[in-house]
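Below you'll find the structure, written out as structure tokens, and then a few comments.
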Amino acid sequence: MPREAQVTVPGRPVGSPSYRAELLRTLRVVLVAGLLSGVAIGVLLRVAMLLLRLASPGSSGLVSDDGFEIGRVTPFGIYNLLAFGILLGCVGAAAYVAVAPFLVGPPALRRLTVGITAMLLGGTAVIHDDGVDFTALDTGVAVELFLAVPLLSGLLVSSAVDLVDRCLDRWPRWLPVLTLVHPLMVVALGVVALVVAVLLPVRRALLAPVLASSGLTWTVRGIFALVPLAAAFGLALDLRAVLG
């Protein structure tokens, strides 16, 4: 059995699909999985903001580094937070689709790998020693939350992609339209779709030859591994600056 048949290739229809068929299915997987996980991510962000406010007396009224007013819950704020969560879900789903064929171990281990990578990338992106989040708020709680949220988000996104890919035909075809809940999502998801469309021919042409060679497979895995390693180094420096 070819090595390619033994790995997870999200978005690929059975058989020898055309580029158009594979592109449409891949985009549906990305958008539906991004929608499902993104709503959960939006809720996670809302809960994290609440916990951070409760742990930081006197923080109500401050504007966080992300532009949200701490302690103020409004329908428009929740709407923006959910839209942001869906965008993160779709971007994360597209990234997971790209790396899934090269992840090792059973599904639970692959998802944990993605979750830890998301935690390292998310942590080094938002943890810094200036701004409101790590100066006016409880620093220890802020660090814990800003590591926990991307970790859980990575687990949610990878689980959603695996679930949706297995039973895509059970989901309504109009469901991806719900990802366009915010005007800016049209542009942002248009960019995601363009990247998928450009990179898909690369996967179609090179995935089978790469997976046929153990050396090439592990070379690609090594290249992908550089991302969390670099993020871990950056995060360590950020934590040292924040926590002292």
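The values are calculated or read from the model by the stated rules, or taken from the named source; none is laboratory data. Note that this is a predicted model, so its numbers are computed, not measured. Glycine also receives a Cβ, built like all others from the backbone with ideal geometry; neighbour counts cover every protein chain displayed. Just the protein is used for accessible areas: all its heavy atoms, side chains included, with ligands, DNA and RNA removed. Shrake-Rupley method; radii C 1.70, N 1.55, O 1.52, S 1.80 Å.
Specify the residue with the greatest mean-square fluctuation among L44, L87, L207, computed from a Gaussian network of the chain linking alpha-carbon atoms under 10 Å apart.
L207
Label point 7 Å out from A108 along Cα-to-Cβ: which residues of segment 155-191 have amide N under 19 Å?
155-163, by backbone N distance to the label point.
Can you show me the helix-derived [θ] at 222 nm for the chain, built from DSSP H runs with n ≥ 4 at -39,500 (n - 2.57) apiece and divided by the number of residues, rounded to the nearest 500.
So the calculated ellipticity at 222 nm is -24500 deg cm²/dmol.
Calculate, in nm to one decimal, what V7 and A212 gain on full extension: separation in residues at 0.36 nm each, minus their alpha carbon distance.
Between V7 and A212, full extension yields 72.6 nm more.
With helices defined as uninterrupted DSSP H runs, which ones in the chain have an alpha carbon span along their own long axis of at least 30 Å and mean Kyte-Doolittle hydropathy of at least 1.6?
Sorted by number, the helices that extend far enough and score high enough are 75-99, 183-211.
Label points 7 Å out from Cα along the Cβ direction at Y19 and V191: separation in nm?
2.4 nm
Would you list V177, V9 from the most to the least accessible area, probe 1.4 Å?
Output order, biggest surface exposure first: V177, V9.
Quick check: convex hull of the Cα atoms in segment 137-186, volume per residue, rounded to a whole Å³?
104 Å³
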